[in-house]
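Right, one structure below, let's go through it.
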């Protein structure tokens, strides 16, 4: 384990959690990005690992995809890929995303 954990801020959290994968129609190469074209082939959201604290103080973790984001309340609706369960996650209670710690101050 490295001595200094890589960290991300709230602004970078959205860039990490809202990525898409699609196959480019012209070249046939799988592309990762944020705004897939409407005519993209095999368009899916890229899952990511998250560890967060619930509002009751319980630590939960798993592979999820982001369904919706509420910027005013700093919340995101995530869907667990293993159980297909949907939950609201508050951005300020997120501990780790894909191995990177989130700065909470």
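Each reported figure results from applying straightforward, stated rules to the coordinates on display, with no laboratory input. Quick caveat: nothing in here was measured; it's all calculated off a predicted structure.
Note: relative contact order over the chain, using C-alpha pairs below 8 Å and six or more positions apart, is 26 percent. Taking 78, 30, 44 in turn, the Gaussian network model of the chain (Cα-Cα springs below 10 Å) assigns the largest fluctuation to 30.
A Gaussian network model of the chain, with springs between Cα atoms under 10 Å, assigns the largest mean-square fluctuation among 29, 89, 69 to 29.
Shape class for the chain, computed from the alpha carbon gyration tensor (a ≥ b ≥ c): prolate, with a/c not under 1.5 and a/b above b/c. A helix-only calculation puts the chain at -2000 deg cm²/dmol for mean residue ellipticity at 222 nm, using -39500 (n - 2.57) for each DSSP H run of at least four residues, averaged over all residues.
Could you check what % of the DSSP bridge pairs in the chain are antiparallel, to the nearest 5?
95
Look at the Cα gyration tensor of segment 1-60: its axes a ≥ b ≥ c give a/c of at least 1.5 with a/b over b/c, and that counts as prolate. Structure remark: mean-square fluctuation, Gaussian network model of the chain, C-alpha springs under 10 Å; the largest value among 56, 68, 19 belongs to 56.
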